[in-house]
Amino acid sequence: MVRELSAGGVLVRVVRGRPMVAAIRPQGKPAGVWALPKGLIDVGESPADAAVREVREETGVAGRLIEKLGDVRYVYTRRDGERVFKVVSFFLLRAGRGRIGAIDEGMRVEVAEARWLPLDEAPRLLAYGGEREMAARARDRLRL
């Protein structure tokens with residue numbers, strides 16, 4: 001079985017006194033399908049650096065690394081039928097410069113839109129179980 005290593009971020013910012021998390025709608029997914037920004041780790045890149053890069057590319061907002069939240073492990077099947085064991089390392093990031101939705105043009109093939117979601121609702125709004133767990137961990141670590 002092929003192995004893939006990816007990294008992603010739970011990017012948080014306080015907007016009008018409310019903690020928010022950056023979420024993306026992957027290209028080709030219907031409205032309301034929200035995910036955390038993530039992607040493959042480049043050769044020679046650390047998981048933390050990959051998470052910071054992927055978050056910036058997919059959301060338009062730079063993030064400052066706070067800590068690692070954990071790993072999500074799952075198996076999926078590629079279109080050609082090959083099964084892949086995937087590990088995604090997620091990191092808690094504090095939002096810095098940038099504007100949500102100012103997505104790199106090259107990312108438009110992957111990301112349809114990006115927006116802020118309330119962090120306390122993210123464990124319910126995110127589409128994937130492992131990502132819901134990471135958002136809940138971020139909420140708990142920040143004591144929000």
Filtered residues of the stretch 104-125 (kept if more than 9 Å from Gln27 (Cα to Cα), touching a residue at least 60 places away in the same chain (Cβ under 8 Å) and either part of a helix (DSSP H, G or I) or touching a Gly at 6+ places or on another chain (Cβ under 6 Å) (or both)): Ala114, Ala122, Leu125
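Within the stretch 73-101, which residues are among the aromatic types (Phe, Trp, Tyr) and in contact (Cβ under 8 Å) with a residue 40 or more places away in the chain? Steps first, please.
Residues of the stretch 73-101 among the aromatic types (Phe, Trp, Tyr): 74, 76, 85, 90-91.
Scanning the stretch 73-101 gives Tyr74, Phe85, Phe90, Phe91.
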All positions within the stretch 75-109 that are at pLDDT 95 or above and of a type in the set (Phe, Trp, Tyr): Phe85, Phe90, Phe91
Taking the stretch 26-82 and keeping only residues that are basic (Lys, Arg), in a strand (DSSP E or B) and exposed (fewer than 14 other Cβ atoms within 10 Å of the Cβ), one is left with Arg64, Arg73
So, in the stretch 5-41, of the ones that are charged (D, E, K, R) and within 16 Å of the chain's Cα centre (by Cα), which residue ends up modelled with the lowest pLDDT? Lys29
Collect the residues in the stretch 103-137 that are over 29 Å from Met1 (Cβ atoms) and in contact with a strand residue (DSSP E or B) (Cβ under 8 Å, 6 or more places away or on another chain), keeping them in residue-number order. Ile103, Ala112, Glu113, Ala114, Arg115, Trp116, Leu117, Pro118, Leu119, Asp120, Ala122, Leu125
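Scan the stretch 98-144 residue by residue and report those that are of a type in the set (Gly, Ala, Ser) and more than 17 Å from Val33 (Cβ to Cβ).
Our first condition is that a residue be of a type in the set (Gly, Ala, Ser); within the stretch 98-144, this holds for 98, 101-102, 106, 112, 114, 122, 127, 129-130, 135-136, 138.
Gly98, Ala102, Gly106, Ala136, Ala138 - these are the residues of the stretch 98-144 that are of a type in the set (Gly, Ala, Ser) and more than 17 Å from Val33 (Cβ to Cβ).
The values are calculated or read from the model by the stated rules, or taken from the named source; none is laboratory data. Just so we're clear, the structure is a prediction, and the values are computed from it rather than from any experiment. Don't worry about glycine lacking a Cβ; one is built from the backbone with ideal geometry, like all the others, and counts go over all protein chains shown.
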